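Engineer: This is the structure, below, for whatever I ask next.
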Amino acid sequence: MLQVFDAENCRADIVDIDAAFSKLEIVVNDAVKNIIKAVDTGNMIDESTFEDRFGVRLYLSELSTGCKAAICVALMPDQMIDLQECGLNARDAIFNYCEDGKVLLHDFGVTVVDQHTRKTPIQYAGKLFTLDRFNEDVL
């Protein structure tokens, strides 16, 4: 389950996304592939490279910070990841493709674009939500 925490009440385990990502053992799975496609319009090739929207092969270290944060959420579900540096596209990818994880949100003013891929509930303030209900009741 994806757990959401308010930045006013909590501190994240991971604030420096680039440092955490550089130590991460990348796993090729559907969540990571979907995140790279949704956030950076790229296609994952293997554990170290992806193809960008122009067809150029790049190292994963060259992904956007938001994309790296979303991958950290997907691959480190026990660590609370600070989403301060994430754009809305990365935040939306996390809500749509990360079944498990912990995120620290700073901005609750913009609803999440629902790709209708979420299978597990979202937990916030001790309550469980579908993505639709989270958008209506929390954001």
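Engineer: In Å, what Rg and Dmax follow from the Cα atoms of the chain?
Structural biologist: In Å, with Rg to one decimal and Dmax whole: 14.2, 44.
Engineer: Roughly how many whole Å is it from the C-alpha centroid of segment 70-114 to that of segment 5-44?
Structural biologist: 8
Engineer: Whole-Hz ³J(HN,Hα) for each residue in segment 120-128, computed from phi via Karplus 6.51 cos²θ - 1.76 cosθ + 1.60 with θ = phi - 60°, x for glycine and proline: what do you get?
Structural biologist: 10, x, 9, 10, 8, 6, x, 10, 9
Engineer: Right, something else. How big is the charge dipole of the chain about its Cα centre, in debye rounded to the nearest 20, if each Lys and Arg gets +1 on its Cβ and each Asp and Glu gets -1 on its Cβ?
Structural biologist: Numbers: 13 positive and 24 negative charges, 46 e Å.
I would put it at about 220 debye.
Engineer: Could you check the spin-label model distance between ASN43 and CYS10? Points 7 Å from the Cα along Cα→Cβ, value in nm.
Structural biologist: 3.6
Engineer: While we're here: Name the residues whose placed amide hydrogens come within less than 5 Å of the amide hydrogen of MET44, ignoring near sequence neighbours (fewer than 5 apart) on the same chain.
Structural biologist: When sequence neighbours closer than 5 places are left aside, the close amide H contacts are GLU51.
Engineer: Same structure again: Pull out a ≥ b ≥ c, the square roots of the eigenvalues of the alpha-carbon gyration tensor of segment 76-139, then state rounded if a/c is under 1.5, prolate if not and a/b is larger than b/c, and oblate in the remaining case.
Structural biologist: rounded
Engineer: Now for a separate question. With springs only between Cα atoms under 10 Å apart, run a GNM on the chain and tell me which of CYS98, CYS72, CYS86 wobbles the most.
Structural biologist: Comparing CYS98, CYS72, CYS86 in the GNM, the peak value goes to CYS86.
Engineer: Please list, in chain and number order, the residues 5+ apart from GLN3 or on another chain whose amide H is under 5 Å from its amide H, with Hs placed from the backbone.
Structural biologist: Here the answer is GLY101, LYS102, VAL103, GLN123, since their amide H atoms fall under 5 Å of that of GLN3.
Just so you know, all these numbers are worked out from the coordinates, no wet-lab data involved. As the structure is a computational prediction, the values presented were derived from the model and not from experiment. Quick reminder, even Gly has a Cβ in these numbers, built from the backbone with ideal geometry, and neighbours come from all protein chains shown.
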